[in-house]
1. Please state which of the following conditions Gly87 fails to meet, knowing it meets all the rest: (1) free of Cβ contacts under 8 Å to residues at least 24 places away in the same chain; (2) within 18 Å of the chain's Cα centre (by Cα); (3) not in a helix (DSSP H, G or I).
2. If you check every pair at least six apart or on different chains, which have Cβ atoms under 9 Å apart with a residue in segment 153-165 that is touching a residue at least 12 places away in the same chain (Cβ under 8 Å) and basic (Lys, Arg) first and a residue that is surrounded by 15 or more Cβ atoms within 10 Å (Cβ to Cβ) and part of a helix (DSSP H, G or I) second?
3. Before we move on, is Arg75 of a type in the set (Lys, Arg), in a helix (DSSP H, G or I), surrounded by fewer than 18 Cβ atoms within 10 Å (Cβ to Cβ) and out of contact with any strand residue (DSSP E or B) (no Cβ under 9 Å at 6 or more places or on another chain)?
4. With the structure loaded, tell me whether Ala59 is of a type in the set (Gly, Ala, Ser) and within 28 Å of Ala228 (Cβ to Cβ) or whether it fails that test.
5. Going by the conditions given, is Leu53 exposed (fewer than 15 other Cβ atoms within 10 Å of the Cβ) and either touching a residue at least 12 places away in the same chain (Cβ under 8 Å) or under 17 Å from the mean Cα position of the chain (by Cα) (or both)?
6. Mind telling me which of the residues Leu34, Leu40 ends up being in a helix (DSSP H, G or I), modelled with pLDDT of 80 or more and either within 21 Å of the chain's Cα centre (by Cα) or at positive phi (or both)?
7. Just the residues that are closer than 21 Å to Leu80 by Cβ and not in a helix (DSSP H, G or I), please, taken from segment 141-199.
Amino acid sequence: MFDSRESRILADRYLESVRAEWRQWTTLGLVSPLLALVSLGLGRGLGWESSSLYGVMAASAFWLGALAGHREISREWGLLWRERMVGLSVGSYLYSKLRVLAPLGIIPIAVYAFVLELGLELAPPVGWLVLNLSVTSLCGLTLGLVVSALASQRSNLRYLVHPIAWLQILAVAPVAPSSPLLSVYHLAPIRWSTESLERFTRVADSLAGAARLLPLLAFTGFFSALAAWLVARWTSREGRPQSPTLTDTSER
């Protein structure tokens, strides 16, 4: 169930929480240019093929998004648990997270893209580059929320965001169109992001590049639904949720 008024109130409250934790978000913002410099070094120093470099770019964007969301549910689990007992809508709660985190996530992505554009003079126009990596980051953000919901039951699970993001690079390896591996590789969101970037390098294939973002949006919807289901299940009266006293809601 979704309540627009409730989601606006929750988003305003959450935004105040984000403002109060500006040091954490500043640190996260500084990671973006550092990742760009690493990607720049790989692109220039090692002479990577474009598909490999685009895979690193997609994984970086996905990881930045996942990193932004991987504690945002578990850290306030006690508060969420209590508010759910008085009728808080899971849909409104998750939407309030996305409403704040998704726009904020565009800033580090834009910095990342512009640093790479200046250093490598990439073929995709910078506008397409920011669009692609922003959608990829949004997908990572929703997966981060899934991990955060899981971490509400076992805190160490939040570290899953790192291997999940970076191991996807294996899925950008070149493969014949007829190979059965291609279907497996397409289960990795960054595969679609990489293919999209490759097509954005050619003006005639821009439409095909944009179409490759649709599966990323489908992954985003799936991860959002999964996060909502986990939260609803573990905070329901019948679901025997973890006691809020066992969760460190102040941990970042």
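The values are calculated or read from the model by the stated rules, or taken from the named source; none is laboratory data. Since the model is a prediction, treat every value here as computed from it, not as a measurement. Positions of Cβ are generated from backbone atoms using ideal geometry, with glycine treated the same way; all protein chains shown enter the neighbour counts.
1. (2)
2. Short answer, once both residue conditions are applied: Arg158/Ser74; Arg158/Gly144; Arg158/Val147; Arg158/Ser148; Arg158/Leu150; Arg158/Ala151.
3. Numbers: of a type in the set (Lys, Arg): yes; in a helix (DSSP H, G or I): yes; surrounded by fewer than 18 Cβ atoms within 10 Å (Cβ to Cβ): no; out of contact with any strand residue (DSSP E or B) (no Cβ under 9 Å at 6 or more places or on another chain): yes.
So Arg75 fails the test.
4. Numbers: of a type in the set (Gly, Ala, Ser): yes; within 28 Å of Ala228 (Cβ to Cβ): yes.
The answer is yes for Ala59.
5. Judged against the criteria, Leu53 is not a match.
6. Answer to the selection: Leu34.
7. Ser152, Gln153, Arg154
Per-residue answers, yes or no, for (1) more than 27 Å from Ser92 (Cβ to Cβ); (2) out of contact with any Leu (no Cβ under 7 Å at 6 or more places or on another chain); (3) modelled with pLDDT of 80 or more:
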{"residue": "Thr201", "(1), (2), (3)": "yes, yes, no"}
{"residue": "Ser206", "(1), (2), (3)": "yes, yes, no"}
{"residue": "Ala210", "(1), (2), (3)": "yes, yes, yes"}
{"residue": "Leu216", "(1), (2), (3)": "no, yes, yes"}
{"residue": "Gly221", "(1), (2), (3)": "no, yes, yes"}
{"residue": "Leu226", "(1), (2), (3)": "no, yes, yes"}
{"residue": "Thr235", "(1), (2), (3)": "no, no, yes"}
